[in-house]
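S.K.: Can you keep this structure in mind? I'll have questions shortly.
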Amino acid sequence: MGYRTFEHTADVGIEAWGDDLGQAFVEAARGMFSLMVDLDAVVERVQRTQSVQAPDREGLLVSWLNELIGLVDAEGLVFKRFEVGPVTERELVARAYGEPLDAARHAPHLAVKAATYHGVSVDPGPPSRVLVILDI
């Protein structure tokens with residue numbers, strides 16, 4: 001399991017991988033939040049569950065990441081740990097663990113506006129690999 005970030009024009013990309021799609025999705029979320037805050041400073045005080053549906057796996061990845069961004073925007077939450085149940089062709093259930101953003105402790109980095117469909121790819125593998133471009 002792991003991820004790497006890369007520059008893409010005025011945006012940032014994340015390539016993530018794992019033994020299955022759930023792990024690859026987890027790593028994509030970790031990569032996204034590592035761009036936003038210092039993950040080591042985040043404490044698991046709250047948990048949010050998301051149920052996401054989309055027409056395909058690429059849509060699931062983009063929709064789930066955008067739901068997480070929505071929690072940052074609406075509730076001021078940042079996350080460090082994720083659990084993703086089995087990823088089907090059109091649905092996933094995931095949990096995110098984190099806490100309200102504390103600028104002094106979390107050392108905010110980039111503001112991620114959205115996960116995009118530009119260049120998104122999901123390879124179920126094994127190993128599973130995903131690629132997503134984030135609008136910053």
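S.K.: If a residue must be at pLDDT below 95 and open to solvent by less than 10 Å² (accessible area, probe 1.4 Å), how many such residues does the stretch 68-88 contain?
M.R.: Summing the residues that are at pLDDT below 95 and open to solvent by less than 10 Å² (accessible area, probe 1.4 Å) in the stretch 68-88 gives 0.
S.K.: Pairs only if they're at least six apart or on different chains, beta carbon under 6 angstrom, first in the stretch 42-54 and under 19 Å from ASN66 (Cβ atoms) and at pLDDT below 95, second of a type in the set (D, E, K, R) and not in a strand (DSSP E or B); list them, first residue then second.
M.R.: none
S.K.: Do we find a residue being free of Cβ contacts under 8 Å to residues at least 40 places away in the same chain and more than 27 Å from GLY125 (Cα to Cα) anywhere in the stretch 7-26?
M.R.: Yes, because at least one residue in the stretch 7-26 is free of Cβ contacts under 8 Å to residues at least 40 places away in the same chain and more than 27 Å from GLY125 (Cα to Cα).
S.K.: Of the residues that make up the stretch 94-106, is at least one among the acidic types (Asp, Glu) and buried (at least 16 other Cβ atoms within 10 Å of the Cβ)?
M.R.: yes
S.K.: While we're here: In this structure, does GLU15 turn out to be within 14 Å of TYR3 (Cα to Cα), among the acidic types (Asp, Glu) and either in a strand (DSSP E or B) or more than 14 Å from the chain's Cα centre (by Cα) (or both)?
M.R.: Yes; evaluated as a whole, the condition is true for this residue.
S.K.: Given the conditions (1) within 14 Å of MET36 (Cβ to Cβ); (2) open to solvent by 30 Å² or more (accessible area, probe 1.4 Å); (3) in contact (Cβ under 8 Å) with a residue 40 or more places away in the chain, and given that LEU65 satisfies all but one, which numbered condition is not satisfied?
M.R.: Exception for LEU65: condition (2).
S.K.: Filter the stretch 119-136 for residues that are in contact with a strand residue (DSSP E or B) (Cβ under 6 Å, 6 or more places away or on another chain), touching a residue at least 24 places away in the same chain (Cβ under 8 Å) and not small (Gly, Ala, Ser) and give the result.
M.R.: VAL120, VAL122, PRO127, ARG129, VAL130, LEU131, VAL132, ILE133, LEU134, ASP135, ILE136
S.K.: Exactly one of (1) more than 15 Å from VAL84 (Cα to Cα); (2) within 15 Å of the chain's Cα centre (by Cα); (3) open to solvent by 50 Å² or more (accessible area, probe 1.4 Å); (4) not small (Gly, Ala, Ser) is unmet by ARG45. Its number?
M.R.: Tallying (1) more than 15 Å from VAL84 (Cα to Cα); (2) within 15 Å of the chain's Cα centre (by Cα); (3) open to solvent by 50 Å² or more (accessible area, probe 1.4 Å); (4) not small (Gly, Ala, Ser), ARG45 fails exactly one: (2).
The values are calculated or read from the model by the stated rules, or taken from the named source; none is laboratory data. Quantities reported herein were computed from a predicted structural model and do not represent experimental measurements. So basically every Cβ, Gly included, is an ideal-geometry build from the backbone, and we count neighbours across all protein chains shown. Surface areas here come from the heavy atoms of the whole protein model, side chains and all, with no ligands, DNA or RNA. Shrake-Rupley method; radii C 1.70, N 1.55, O 1.52, S 1.80 Å.
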